[in-house]
1. For Leu125, indicate whether it is closer than 30 Å to Pro50 by Cα and at pLDDT below 90.
2. Only residues in the range 102-123 that are more than 22 Å from Ala11 (Cβ to Cβ) and free of Cβ contacts under 8 Å to residues at least 40 places away in the same chain count as the first member; pair them with residues that are hydrophobic (A, V, I, L, M, F, W, C) and in a loop (DSSP other than H, G, I, E, B), Cβ under 7 angstrom, at least 6 apart or cross-chain, and list the lot.
3. I need the strands (runs of 3 or more DSSP E) fully contained in the range 41-122, keeping only those with at least 1 residues that are in contact with a Cys (Cβ under 8 Å, 6 or more places away or on another chain) and either loosely packed, with under 15 Cβ neighbours inside 10 Å or modelled with pLDDT of 90 or more (or both).
Amino acid sequence: MKELFEALLAAFVGEDLREVYPAFDAVPLPRKSDRLFTVFTLHSLQLDAPFPDGAQGVYPFRAVVRICVLTPMNVPYAKGQDYFSEVVMPRMAQIGGHLCEVRPPQTDAKLGKIVTSGDFTVTGLYLYDGEEEPA
């Protein structure tokens, strides 16, 4: 699944977006952008029965990735929504993500941010080489 996270980071990090974090990163919130930043997490993962492929096993998988856009409380709600529809959705489509659900912006008082989030389904094949256990 490391490859999935690397593909997500590669799709999102660019000239127009530098602040992208996996949900489990160790960067404290005060050190993240005081403007807009994006967080992604693996919400669920389903591995199907493997099929053999030479010396490897191949596991079809279906992952639900949650993407959250966090904006400061002092900006309009529409900023996060616009960013989600103009940047997040096309970039997820580039890597084969299919939109499942978009949630309306919500304020997170603990974080001091407005959070716009959505879930995307990503499917693929996990190649098991026998050295590590599949997730």
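The values are calculated or read from the model by the stated rules, or taken from the named source; none is laboratory data. What you see is a predicted model, and the numbers here were worked out from it, not measured in a lab. All Cβ positions, glycine included, derive from the backbone under ideal geometry; neighbour counts span all protein chains shown.
1. Details: closer than 30 Å to Pro50 by Cα: yes; at pLDDT below 90: yes.
Yes: the conditions hold for Leu125.
2. Pairs found: Thr107/Met73.
3. Details: elements: 51-53, 56-72, 98-108.
Passing ranges, in order: 56-72.
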